[in-house]
Every structure is written in structure tokens, then in C-alpha cells.
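Structure, as C-alpha cells:
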2 protein chains.
Amino acid sequence: MENRLDSLFAALADPTRRSILTMLLEDDMAVTDVAEPFQMSLAAISKHLTILSRAGLISQEKRGRVKWCKLEPDAMRDVTIWLQGFGQFEPVHLDAFERFLQTELSLPPDGG
Amino acid sequence: MENRLDSLFAALADPTRRSILTMLLEDDMAVTDVAEPFQMSLAAISKHLTILSRAGLISQEKRGRVKWCKLEPDAMRDVTIWLQGFGQFEPVHLDAFERFLQTELSLPPDGG
DNA sequence: TGGACATTTAACCTTTCGGTTGACGATTAT
DNA sequence: ATAATCGTCAACCGAAAGGTTAAATGTCCA
């Protein structure tokens, strides 16, 4: 994988991995519990978790014989920033917000 | 490819394809011109464009013997929406903005 | 009509991906 | 001590990704 975005987008391109991330939105989970709803081997899930971990999308901490998986949503920031270059979101909204703010603050209270 | 997000994320996972999208941000381009800066065959670029097209990220219109490629950034919306489920952007920024706005508007001019 | 240009297709190759199974190391429980 | 549990590793497999080159298709120009 060349750069950070490569591994991020690639990690997010698999539906199983996206499902895992969604599950982790709820709460931290042990590897076995992550694997439970899927119809594939634990080894396969373990590999998916490794990919998510290398992309920075989750962190894993071993406590006893259980390895806990934790969502790290900040890793998605780089994706977000890249997408912003295509004007899909904030730019528009923030611009609108800023204009609103300017208007609100520059006008007298009864000016609107 | 199972669903829409699969093909979108997969399309975005390749650095050549992301570069192409960035180039198209500037202006519409013919296939040959898209290929020019890359050190790979035209056939390879043609395949990349097919992948981008199938993901909906670009559209292609043939005029004469030239096929024009046009960026379709709206296709990124689904990605955006999915990412928003992880609270990476607007929510945070807008909340911050709203708090700021509340503060600004509710305080007397010398209140800060 | 023939040739140059623009792009895709076909066939092929190598590497990566996503899955399997089976063995293994580490930890906990009996 | 022994057995069960948690998770990874290694070896393997078929399919897909990303590239190549060479031929084919369409379109414009002279």
C-alpha cells in the first residue's frame, strides 16, 4: 500500500469490515464476539481485524486471553479531508454558516 | 461488488484513480489527456476510467472520436453519508459552530 | 481510398485478496 | 496437571486486481 489513503479506502471497501466498524460503534468487543454474527471462520475475521488495525481504524488491546477491539474513528479524518476537496460537505455548510454568522453579527438586532 | 459502497470505496482505493479524479476537478478531459501524466499504458488508464465510471464517479461522453471524462462528485455522497455515521465531521464542527454562535449572540457586545 | 488518431478489447501474466483448514502458543478454569 | 478457550499463524486455494502488448474498432482528414 502506497500511502495512508490507499490502506484506508481499501480497508473500507470490504462489506464485512464495514459491518465490523459499525458493530464497534456500539461498544468495544472481543475478537470472538466480533466474529459471532458472521458466517466465516474466526481466522478470516482475525485477518479482517488486522487490516482494520493496520489502517488505524481500530486498536486492539490484549487483556488476559481476550483481545479487545476498539473503534478509532479519527482515522477516518484523512478520508474526510480528501473528500472535502471535492466539495461534498463542510465547505458548503460552513460557508453557509459563516455567511449566516457574518449577517447575524453585522446587522442590528432588528435588522433581519 | 456487492453494493454501491463496495465499488465506491474500491474505486477510491487506487492512487492512480484518485489522481484522475483530482485532475478532473480542474476540467473535463479526453482519455488520452488523462493518460498523459501517467507512466502506464493507455489501455491501463482506460480500465481505470471504466472502474471510475461504473462507480459513478465520472461520466463519459463520446463526441466524434474523443471520449470526454467528467467528474461526478455527487457520487461521493453515499461515502459521505456513511462516514457521517461515525461522527467525523459536520456533527462536531456544526456543534462547535452552534455553540460559538449561541455564545456570540447571547452575550452583550462587551461580554467576551 | 488510405492513413492517422482515439479508444477499447483480448489474451496473458503476476500479485494481492478473501477465504479455508489445521496446528500452535498463551491464558484460564477444573 | 489437564482440559477448554482465545486468537494467530502457516499453507493452501480460487478469484480478482492491475499491469502489459497486440490487435480491433471507430472516426476524422487528405
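Here are some notes:
- Working from label points 7 Å from Cα in the Cα-to-Cβ sense, the B:A43 to A:D28 distance is 5.2 nm.
- Table column - 3J(HN,Hα) (Hz), segment B:39-49, Karplus curve with 6.51, -1.76, 1.60, x for Gly and Pro: 9, 8, 5, 4, 4, 5, 4, 4, 5, 4, 5
- Sorted by Cβ neighbour density within 10 Å, fewest at the top, the residues B:S41, B:S7: B:S41, B:S7
- Potential lengthening of the chain between B:Q84 and B:D6 amounts to 26.4 nm, from the contour at 0.36 nm per residue minus the alpha-carbon distance.
- Taking amide hydrogens as placed 1.01 Å from N in the peptide plane, the amide H of B:A30 sits under 5 Å from those of B:C69, each at least 5 positions away in sequence or on another chain.
Computed from the coordinates by the stated procedures, all read-outs in this text should not be read as laboratory data. Every value quoted in this text rests on a predicted model; they were computed, and no experiment measured them. Heads up, the Cβs are rebuilt from the backbone with ideal geometry, glycines too, and the neighbour counts pull from every protein chain shown.
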